[in-house]
Amino acid sequence: MASSDAGENEMVVTPWEVRGKVDYERLIREFGTQPLTEDLLKKMSKYTDKLHLQLQRRVFFSHRDLDTVLDLYEKGTRFVLYTGRGPSGPVHIGHLVPWMFTLHLQQKFDTRLYFQLTDDEKFLVDDEASLEETRKFAYENALDLIALGFKPENTFIIYDVEDIDLLYDVTLEVAKRITYSTARATFGFEDSTNIGWVFWPALQAAPCFIHKKLTGENVPALIPAAIDQDPYWRVTRDIAQKLGYHKPAQIHCRFLPGLGAGGKMSASMPETSIFTMDPPDLVKRKIWNAFTGGKGTATEQRKTGADPTVCSIFQYYYYLFEEEDQRLTEREHACKTGEMLCGECKRDLAERLNKFLEEHRKRREKAKDKIVEYHIKR
Ligand code: TRP
(Lines give C-alpha, C1' and ligand atoms only; values in the text may rest on other atoms or scores of the structure.)
Protein backbone atom coordinates (compact mmCIF):
# COMPACT_ATOMS: atom_id res chain seq x y z
CA MET A 1 0.00 0.00 0.00
CA ALA A 2 1.03 3.61 -0.60
CA SER A 3 1.63 6.20 2.14
CA SER A 4 4.80 4.76 3.60
CA ASP A 5 7.14 6.91 1.56
CA ALA A 6 6.75 9.87 3.97
CA GLY A 7 9.87 10.77 5.97
CA GLU A 8 10.59 9.43 9.47
CA ASN A 9 8.91 12.19 11.44
CA GLU A 10 6.31 13.19 8.96
CA MET A 11 2.73 12.63 10.11
CA VAL A 12 0.95 9.68 8.51
CA VAL A 13 -2.59 8.90 9.67
CA THR A 14 -4.50 6.23 7.77
CA PRO A 15 -6.74 3.42 9.04
CA TRP A 16 -3.73 1.08 8.78
CA GLU A 17 -0.85 3.24 9.80
CA VAL A 18 -0.29 6.04 12.32
CA ARG A 19 3.18 7.49 12.38
CA GLY A 20 5.12 10.64 13.25
CA LYS A 21 3.99 13.46 15.50
CA VAL A 22 0.23 13.75 15.17
CA ASP A 23 -1.01 17.29 14.59
CA TYR A 24 -4.71 17.14 15.45
CA GLU A 25 -5.53 20.65 14.24
CA ARG A 26 -4.09 19.75 10.89
CA LEU A 27 -6.14 16.54 10.76
CA ILE A 28 -9.32 18.55 11.33
CA ARG A 29 -8.39 20.74 8.37
CA GLU A 30 -7.20 17.97 6.07
CA PHE A 31 -9.99 15.51 6.84
CA GLY A 32 -12.56 18.30 6.80
CA THR A 33 -14.07 17.47 10.20
CA GLN A 34 -15.39 19.96 12.78
CA PRO A 35 -13.76 20.83 16.09
CA LEU A 36 -15.87 20.21 19.21
CA THR A 37 -17.00 23.68 20.26
CA GLU A 38 -18.02 24.90 23.71
CA ASP A 39 -21.59 25.36 22.44
CA LEU A 40 -21.82 21.82 21.24
CA LEU A 41 -20.39 20.48 24.48
CA LYS A 42 -22.94 22.51 26.41
CA LYS A 43 -25.67 20.91 24.35
CA MET A 44 -24.20 17.51 25.09
CA SER A 45 -24.10 18.11 28.82
CA LYS A 46 -27.86 18.71 28.83
CA TYR A 47 -28.15 14.95 28.48
CA THR A 48 -25.09 13.74 30.31
CA ASP A 49 -25.12 16.03 33.40
CA LYS A 50 -21.45 16.56 34.00
CA LEU A 51 -19.32 16.56 30.85
CA HIS A 52 -17.35 13.36 30.52
CA LEU A 53 -13.68 13.71 31.34
CA GLN A 54 -12.70 12.77 27.80
CA LEU A 55 -14.78 15.64 26.40
CA GLN A 56 -13.68 18.11 28.99
CA ARG A 57 -10.04 17.31 28.28
CA ARG A 58 -10.65 17.07 24.55
CA VAL A 59 -9.50 13.51 24.23
CA PHE A 60 -12.48 13.54 21.90
CA PHE A 61 -11.80 16.70 19.94
CA SER A 62 -13.52 16.58 16.58
CA HIS A 63 -16.78 15.41 14.99
CA ARG A 64 -19.03 15.18 11.99
CA ASP A 65 -22.74 15.88 12.48
CA LEU A 66 -22.79 15.43 16.25
CA ASP A 67 -24.87 18.63 16.28
CA THR A 68 -27.33 17.11 13.79
CA VAL A 69 -27.68 13.96 15.87
CA LEU A 70 -28.32 15.95 19.05
CA ASP A 71 -30.86 18.19 17.30
CA LEU A 72 -32.72 15.14 16.05
CA TYR A 73 -32.53 13.60 19.50
CA GLU A 74 -34.08 16.71 20.99
CA LYS A 75 -36.99 16.32 18.58
CA GLY A 76 -37.47 12.68 19.50
CA THR A 77 -35.36 10.77 16.97
CA ARG A 78 -32.99 8.49 18.79
CA PHE A 79 -29.64 7.26 17.52
CA VAL A 80 -27.55 4.11 17.80
CA LEU A 81 -23.88 3.84 18.63
CA TYR A 82 -21.45 2.00 16.45
CA THR A 83 -17.77 1.29 16.97
CA GLY A 84 -15.39 -1.60 16.49
CA ARG A 85 -12.02 -3.17 16.67
CA GLY A 86 -9.63 -4.87 14.29
CA PRO A 87 -8.60 -8.02 16.19
CA SER A 88 -4.95 -8.14 15.19
CA GLY A 89 -3.75 -8.93 18.70
CA PRO A 90 -4.51 -8.41 22.38
CA VAL A 91 -6.18 -5.24 23.68
CA HIS A 92 -4.12 -2.48 25.28
CA ILE A 93 -5.13 0.45 27.46
CA GLY A 94 -5.22 2.77 24.44
CA HIS A 95 -8.06 0.72 22.95
CA LEU A 96 -10.10 0.99 26.14
CA VAL A 97 -10.15 4.81 26.10
CA PRO A 98 -12.80 5.30 23.36
CA TRP A 99 -14.70 2.23 24.55
CA MET A 100 -15.09 3.78 28.00
CA PHE A 101 -16.48 6.89 26.42
CA THR A 102 -18.83 4.79 24.30
CA LEU A 103 -20.09 3.11 27.46
CA HIS A 104 -20.78 6.52 28.95
CA LEU A 105 -22.82 7.51 25.88
CA GLN A 106 -24.70 4.23 25.95
CA GLN A 107 -25.63 4.77 29.58
CA LYS A 108 -26.59 8.42 29.27
CA PHE A 109 -28.62 8.07 26.09
CA ASP A 110 -29.87 4.56 26.83
CA THR A 111 -29.06 3.46 23.33
CA ARG A 112 -27.91 0.43 21.40
CA LEU A 113 -24.30 -0.23 20.56
CA TYR A 114 -23.23 -2.21 17.51
CA PHE A 115 -19.65 -3.38 17.91
CA GLN A 116 -17.85 -4.80 14.89
CA LEU A 117 -14.91 -7.18 15.26
CA THR A 118 -13.17 -7.20 11.89
CA ASP A 119 -11.49 -10.59 11.83
CA ASP A 120 -11.82 -10.46 8.03
CA GLU A 121 -10.12 -7.05 7.69
CA LYS A 122 -7.14 -8.04 9.79
CA PHE A 123 -6.79 -11.22 7.81
CA LEU A 124 -6.83 -9.35 4.48
CA VAL A 125 -4.48 -6.51 5.33
CA ASP A 126 -1.75 -8.52 7.03
CA ASP A 127 0.18 -10.97 4.87
CA GLU A 128 1.13 -13.03 7.90
CA ALA A 129 -2.28 -13.26 9.56
CA SER A 130 -4.40 -16.40 9.51
CA LEU A 131 -8.17 -16.41 9.86
CA GLU A 132 -7.90 -18.77 12.77
CA GLU A 133 -5.78 -16.25 14.62
CA THR A 134 -7.87 -13.15 13.89
CA ARG A 135 -11.04 -15.01 14.88
CA LYS A 136 -9.44 -16.07 18.14
CA PHE A 137 -8.42 -12.50 18.89
CA ALA A 138 -11.93 -11.32 18.05
CA TYR A 139 -13.23 -13.51 20.87
CA GLU A 140 -10.47 -12.39 23.24
CA ASN A 141 -11.04 -8.71 22.42
CA ALA A 142 -14.79 -9.06 22.97
CA LEU A 143 -14.07 -10.15 26.55
CA ASP A 144 -12.20 -6.89 27.16
CA LEU A 145 -15.11 -4.90 25.80
CA ILE A 146 -17.67 -6.69 27.93
CA ALA A 147 -15.46 -6.33 31.02
CA LEU A 148 -15.94 -2.55 30.84
CA GLY A 149 -19.57 -2.95 31.88
CA PHE A 150 -21.67 -2.89 28.71
CA LYS A 151 -25.14 -4.34 29.22
CA PRO A 152 -26.15 -7.24 26.97
CA GLU A 153 -29.68 -5.87 26.31
CA ASN A 154 -28.18 -2.92 24.46
CA THR A 155 -24.94 -4.36 23.08
CA PHE A 156 -24.66 -6.26 19.81
CA ILE A 157 -21.28 -7.69 18.91
CA ILE A 158 -20.67 -8.55 15.26
CA TYR A 159 -17.95 -11.05 14.31
CA ASP A 160 -17.57 -10.37 10.60
CA VAL A 161 -16.69 -13.87 9.44
CA GLU A 162 -19.36 -15.57 11.51
CA ASP A 163 -22.03 -12.95 10.88
CA ILE A 164 -21.44 -12.26 7.21
CA ASP A 165 -24.94 -13.52 6.35
CA LEU A 166 -26.38 -10.67 8.37
CA LEU A 167 -24.13 -8.04 6.83
CA TYR A 168 -23.92 -9.19 3.26
CA ASP A 169 -26.97 -7.58 1.63
CA VAL A 170 -26.27 -4.19 3.22
CA THR A 171 -22.59 -4.51 2.28
CA LEU A 172 -23.51 -5.16 -1.35
CA GLU A 173 -25.78 -2.12 -1.46
CA VAL A 174 -22.86 -0.03 -0.23
CA ALA A 175 -20.19 -1.63 -2.42
CA LYS A 176 -22.22 -1.11 -5.59
CA ARG A 177 -22.22 2.65 -5.05
CA ILE A 178 -18.54 3.25 -4.34
CA THR A 179 -16.34 3.42 -7.42
CA TYR A 180 -12.84 2.02 -7.53
CA SER A 181 -11.55 5.48 -8.26
CA THR A 182 -13.09 6.89 -5.05
CA ALA A 183 -11.82 3.98 -3.01
CA ARG A 184 -8.33 4.25 -4.43
CA ALA A 185 -8.18 7.98 -3.79
CA THR A 186 -9.47 7.53 -0.23
CA PHE A 187 -7.48 4.51 0.85
CA GLY A 188 -4.42 4.59 -1.40
CA PHE A 189 -4.96 1.22 -3.07
CA GLU A 190 -2.34 0.13 -5.57
CA ASP A 191 -2.12 -2.49 -8.32
CA SER A 192 -0.60 -4.92 -5.84
CA THR A 193 -3.42 -4.51 -3.26
CA ASN A 194 -5.38 -7.73 -2.93
CA ILE A 195 -8.99 -7.48 -4.11
CA GLY A 196 -10.39 -8.54 -0.73
CA TRP A 197 -8.97 -5.40 0.77
CA VAL A 198 -10.41 -3.28 -2.03
CA PHE A 199 -13.93 -4.55 -1.31
CA TRP A 200 -13.50 -4.54 2.43
CA PRO A 201 -14.41 -0.90 3.26
CA ALA A 202 -18.03 -1.71 2.34
CA LEU A 203 -18.05 -4.08 5.30
CA GLN A 204 -17.03 -1.42 7.76
CA ALA A 205 -19.83 0.75 6.39
CA ALA A 206 -22.53 -1.91 6.80
CA PRO A 207 -23.05 -1.69 10.60
CA CYS A 208 -23.88 2.02 10.19
CA PHE A 209 -27.10 0.86 8.55
CA ILE A 210 -27.85 -2.52 10.08
CA HIS A 211 -30.22 -1.20 12.74
CA LYS A 212 -32.97 -0.52 10.20
CA LYS A 213 -32.80 -4.05 8.88
CA LEU A 214 -32.99 -5.49 12.39
CA THR A 215 -35.69 -3.27 13.87
CA GLY A 216 -37.36 -1.32 11.06
CA GLU A 217 -36.32 1.89 12.77
CA ASN A 218 -34.39 4.39 10.61
CA VAL A 219 -32.16 6.37 12.95
CA PRO A 220 -28.65 7.75 12.57
CA ALA A 221 -25.56 5.99 13.89
CA LEU A 222 -23.06 7.92 15.99
CA ILE A 223 -19.55 6.51 15.82
CA PRO A 224 -17.07 7.19 18.62
CA ALA A 225 -13.63 6.19 17.32
CA ALA A 226 -10.06 7.33 16.86
CA ILE A 227 -9.68 9.76 13.98
CA ASP A 228 -7.68 7.33 11.81
CA GLN A 229 -10.97 5.61 10.91
CA ASP A 230 -12.38 8.75 9.33
CA PRO A 231 -11.70 7.78 5.68
CA TYR A 232 -14.24 4.96 6.01
CA TRP A 233 -16.92 7.39 7.13
CA ARG A 234 -16.20 9.83 4.35
CA VAL A 235 -17.10 7.30 1.68
CA THR A 236 -20.00 5.95 3.75
CA ARG A 237 -21.49 9.39 4.30
CA ASP A 238 -21.41 10.09 0.57
CA ILE A 239 -23.70 7.19 -0.26
CA ALA A 240 -25.89 6.93 2.88
CA GLN A 241 -28.75 9.10 1.68
CA LYS A 242 -28.87 7.45 -1.74
CA LEU A 243 -29.63 4.23 0.13
CA GLY A 244 -32.31 5.87 2.27
CA TYR A 245 -30.33 6.13 5.49
CA HIS A 246 -29.10 8.99 7.67
CA LYS A 247 -25.48 9.94 7.21
CA PRO A 248 -23.52 8.33 10.05
CA ALA A 249 -22.16 10.89 12.53
CA GLN A 250 -18.77 10.69 14.17
CA ILE A 251 -16.99 11.83 17.27
CA HIS A 252 -13.22 11.45 16.97
CA CYS A 253 -10.62 10.87 19.64
CA ARG A 254 -6.86 11.19 19.85
CA PHE A 255 -4.47 8.27 20.22
CA LEU A 256 -3.21 7.50 23.69
CA PRO A 257 0.52 8.07 23.34
CA GLY A 258 2.81 5.11 23.73
CA LEU A 259 5.40 4.82 26.46
CA GLY A 260 8.23 5.52 24.04
CA ALA A 261 9.22 8.99 22.87
CA GLY A 262 6.42 10.40 20.67
CA GLY A 263 3.88 8.44 18.64
CA LYS A 264 0.87 6.42 19.64
CA MET A 265 0.76 3.27 21.68
CA SER A 266 1.43 0.60 19.15
CA ALA A 267 0.51 -3.04 19.44
CA SER A 268 3.43 -3.82 17.14
CA MET A 269 5.88 -2.40 19.71
CA PRO A 270 4.78 -4.31 22.81
CA GLU A 271 7.17 -2.55 25.17
CA THR A 272 5.42 0.79 24.51
CA SER A 273 1.93 -0.44 25.40
CA ILE A 274 0.24 -1.81 28.50
CA PHE A 275 -1.90 -4.77 27.53
CA THR A 276 -4.85 -5.79 29.67
CA MET A 277 -3.28 -9.19 30.30
CA ASP A 278 0.16 -7.86 31.29
CA PRO A 279 1.09 -9.21 34.74
CA PRO A 280 1.88 -6.65 37.48
CA ASP A 281 5.65 -7.02 37.24
CA LEU A 282 5.66 -6.42 33.52
CA VAL A 283 3.48 -3.33 33.96
CA LYS A 284 5.95 -1.99 36.51
CA ARG A 285 8.85 -2.67 34.20
CA LYS A 286 7.24 -1.01 31.20
CA ILE A 287 6.33 2.05 33.24
CA TRP A 288 9.79 2.15 34.72
CA ASN A 289 11.35 2.22 31.24
CA ALA A 290 8.90 4.76 29.84
CA PHE A 291 9.96 8.00 28.23
CA THR A 292 9.46 11.06 30.47
CA GLY A 293 10.26 14.75 30.42
CA GLY A 294 12.77 14.24 33.23
CA LYS A 295 16.36 15.46 33.47
CA GLY A 296 19.62 13.54 33.44
CA THR A 297 20.12 13.60 37.20
CA ALA A 298 17.90 13.98 40.25
CA THR A 299 19.89 16.99 41.42
CA GLU A 300 19.39 18.78 38.16
CA GLN A 301 15.68 17.93 38.09
CA ARG A 302 15.17 19.18 41.66
CA LYS A 303 16.71 22.44 40.54
CA THR A 304 15.12 23.02 37.13
CA GLY A 305 12.05 20.77 37.11
CA ALA A 306 10.84 18.49 34.31
CA ASP A 307 8.60 18.83 31.27
CA PRO A 308 5.19 17.10 31.54
CA THR A 309 4.19 18.13 28.01
CA VAL A 310 6.50 15.54 26.45
CA CYS A 311 6.06 12.91 29.17
CA SER A 312 4.29 9.65 28.33
CA ILE A 313 3.55 9.01 32.01
CA PHE A 314 1.78 12.34 32.42
CA GLN A 315 -0.41 11.50 29.45
CA TYR A 316 -1.70 8.44 31.28
CA TYR A 317 -2.81 10.59 34.18
CA TYR A 318 -4.36 13.03 31.75
CA TYR A 319 -6.28 10.48 29.71
CA LEU A 320 -7.33 8.07 32.41
CA PHE A 321 -5.78 7.88 35.80
CA GLU A 322 -6.30 11.32 37.35
CA GLU A 323 -9.91 12.30 37.12
CA GLU A 324 -9.66 15.21 39.56
CA ASP A 325 -8.62 18.34 37.68
CA GLN A 326 -7.22 19.87 40.84
CA ARG A 327 -5.00 16.87 41.49
CA LEU A 328 -3.84 16.79 37.90
CA THR A 329 -2.81 20.43 38.13
CA GLU A 330 -0.96 19.73 41.37
CA ARG A 331 0.91 16.87 39.79
CA GLU A 332 1.84 19.00 36.82
CA HIS A 333 3.09 21.73 39.10
CA ALA A 334 5.11 19.34 41.25
CA CYS A 335 6.71 18.00 38.10
CA LYS A 336 7.56 21.37 36.59
CA THR A 337 9.06 22.69 39.80
CA GLY A 338 11.11 19.59 40.50
CA GLU A 339 9.27 18.85 43.75
CA MET A 340 8.29 15.40 42.53
CA LEU A 341 10.71 13.26 40.61
CA CYS A 342 9.89 10.76 37.87
CA GLY A 343 10.41 7.71 40.08
CA GLU A 344 7.60 8.66 42.43
CA CYS A 345 5.26 9.58 39.61
CA LYS A 346 5.95 6.29 37.85
CA ARG A 347 5.42 4.27 41.02
CA ASP A 348 2.03 5.93 41.59
CA LEU A 349 0.98 5.21 38.05
CA ALA A 350 2.11 1.58 38.07
CA GLU A 351 0.07 1.08 41.23
CA ARG A 352 -3.04 2.64 39.77
CA LEU A 353 -2.65 0.73 36.56
CA ASN A 354 -2.22 -2.58 38.31
CA LYS A 355 -5.22 -1.97 40.51
CA PHE A 356 -7.31 -1.15 37.49
CA LEU A 357 -6.05 -4.17 35.54
CA GLU A 358 -6.67 -6.54 38.41
CA GLU A 359 -10.34 -5.54 38.54
CA HIS A 360 -10.57 -5.54 34.76
CA ARG A 361 -9.26 -9.10 34.55
CA LYS A 362 -11.79 -10.31 37.11
CA ARG A 363 -14.63 -8.86 35.07
CA ARG A 364 -13.02 -10.18 31.89
CA GLU A 365 -13.01 -13.69 33.31
CA LYS A 366 -16.70 -13.42 34.20
CA ALA A 367 -17.42 -12.20 30.68
CA LYS A 368 -16.59 -15.67 29.37
CA ASP A 369 -19.85 -17.01 30.80
CA LYS A 370 -22.04 -14.38 29.21
CA ILE A 371 -20.30 -13.57 25.94
CA VAL A 372 -23.04 -15.32 23.93
CA GLU A 373 -25.62 -12.89 25.30
CA TYR A 374 -23.80 -10.11 23.46
CA HIS A 375 -23.58 -11.80 20.08
CA ILE A 376 -25.75 -10.08 17.49
CA LYS A 377 -27.16 -13.47 16.55
CA ARG A 378 -28.06 -14.54 20.07
N1 TRP B 1 -11.10 -0.88 11.18
C2 TRP B 1 -11.11 -0.85 12.61
C3 TRP B 1 -9.71 -1.24 13.13
O4 TRP B 1 -8.87 -1.68 12.41
C5 TRP B 1 -12.16 -1.72 13.21
C6 TRP B 1 -13.54 -1.12 13.10
C7 TRP B 1 -14.61 -1.66 12.42
C8 TRP B 1 -13.99 0.08 13.67
N9 TRP B 1 -15.70 -0.86 12.55
C10 TRP B 1 -15.36 0.20 13.30
C11 TRP B 1 -13.39 1.05 14.49
C12 TRP B 1 -16.10 1.31 13.71
C13 TRP B 1 -14.13 2.13 14.87
C14 TRP B 1 -15.48 2.27 14.50
O15 TRP B 1 -9.47 -1.13 14.30
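Miscellaneous remarks
- Residue pairs meeting the criteria (Cβ under 9 Å; at least 6 apart or on separate chains; first under 24 Å from Leu145 (Cβ atoms), in the range 274-298; second open to solvent by 70 Å² or more (accessible area, probe 1.4 Å)): Pro280/Glu358; Lys286/Glu271
- Looking only at the range 197-226, residues that are crowded, with 22+ Cβ neighbours inside 10 Å and β-branched (Val, Ile, Thr) come to 2 in all.
- Sole residue being outside any loop (DSSP other than H, G, I, E, B), out of contact with any Lys or Arg (no Cβ under 8 Å at 6 or more places or on another chain) and open to solvent by 30 Å² or more (accessible area, probe 1.4 Å), chosen from Leu167, Leu124: Leu124
- Scanning the range 1-24 for residues that are modelled with pLDDT under 85, within 16 Å of the ligand (Cβ to nearest atom) and assigned to a loop (DSSP other than H, G, I, E, B) turns up Met1, Ser3.
- Residues within the range 56-69 that are within 18 Å of Phe255 (Cβ to Cβ) and either of a type in the set (A, V, I, L, M, F, W, C) or open to solvent by 50 Å² or more (accessible area, probe 1.4 Å) (or both), tallied: 4
For (1) surrounded by fewer than 21 Cβ atoms within 10 Å (Cβ to Cβ); (2) not in a helix (DSSP H, G or I), each residue gets a yes or a no:
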residue: Leu51; (1), (2): yes, yes
residue: Gln54; (1), (2): no, no
residue: Asp71; (1), (2): yes, no
residue: Thr77; (1), (2): yes, yes
residue: Thr83; (1), (2): no, yes
residue: Gly89; (1), (2): yes, yes
residue: Lys108; (1), (2): yes, no
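- The range 209-226 - residue that is away from the ligand (no atom under 12 Å from the Cβ) and assigned to a helix (DSSP H, G or I) and, of those, nearest to Gly94 (Cα to Cα): His211
- Among the residues listed as Ala185, Ala175, the single one being under 20 Å from Arg237 (Cα atoms), in a helix (DSSP H, G or I), away from the ligand (no atom under 15 Å from the Cβ) and open to solvent by less than 40 Å² (accessible area, probe 1.4 Å): Ala175
- Residue-level check: of (1) outside any helix (DSSP H, G or I); (2) of a type outside the set (Val, Ile, Thr); (3) in contact with a strand residue (DSSP E or B) (Cβ under 9 Å, 6 or more places away or on another chain); (4) more than 8 Å from the ligand (Cβ to nearest atom), Arg135 misses just (1).
- Asp126 vs. criteria within 13 Å of the ligand (Cβ to nearest atom), over 29 Å from Met44 (Cα atoms) and touching a residue at least 40 places away in the same chain (Cβ under 8 Å): no
- Take the conditions (1) open to solvent by less than 10 Å² (accessible area, probe 1.4 Å); (2) away from the ligand (no atom under 14 Å from the Cβ); (3) touching an Asp or Glu at 6+ places or on another chain (Cβ under 9 Å); Leu117 misses just one of them, which is (2).
- Scanning the range 332-378 for residues that are over 30 Å from Asn154 (Cβ atoms) and open to solvent by 80 Å² or more (accessible area, probe 1.4 Å) gives His333, Lys336, Glu339, Glu344, Arg347, Glu351.
- Selected residue (only one of Gln229, Gln204, Gln250 is part of a strand (DSSP E or B), of a type outside the set (A, V, I, L, M), within 14 Å of the ligand (Cβ to nearest atom) and modelled with pLDDT of 95 or more): Gln250
- Residues of the range 200-242 classified as of a type in the set (Asp, Glu) and under 14 Å from His63 (Cβ atoms), total: 1
Results for (1) touching a residue at least 40 places away in the same chain (Cβ under 8 Å); (2) in contact with a Gly (Cβ under 9 Å, 6 or more places away or on another chain), shown as yes or no for each residue.
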{"site": "Gln301", "(1), (2)": "yes, yes"}
{"site": "Asp307", "(1), (2)": "no, yes"}
{"site": "Tyr317", "(1), (2)": "no, no"}
{"site": "Phe321", "(1), (2)": "no, no"}
{"site": "Glu324", "(1), (2)": "no, no"}
{"site": "Arg327", "(1), (2)": "no, no"}
{"site": "Lys336", "(1), (2)": "no, yes"}
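- Only residues that are of a type in the set (Lys, Arg) and open to solvent by 80 Å² or more (accessible area, probe 1.4 Å) were counted across the range 320-331, and they come to 1.
- Check on Leu131, under 15 Å from Thr155 (Cβ atoms) and either out of contact with any Cys (no Cβ under 8 Å at 6 or more places or on another chain) or at pLDDT 95 or above (or both): no
The values are calculated or read from the model by the stated rules, or taken from the named source; none is laboratory data. These numbers were taken from a predicted model, which means no experiment stands behind them. Note: ideal-geometry Cβ built from the backbone for every residue, glycine included; neighbour counts use all protein chains shown. To get the accessible areas, we keep the full protein, side chains included, count just its heavy atoms, and leave off ligands, DNA and RNA. Shrake-Rupley method; radii C 1.70, N 1.55, O 1.52, S 1.80 Å.
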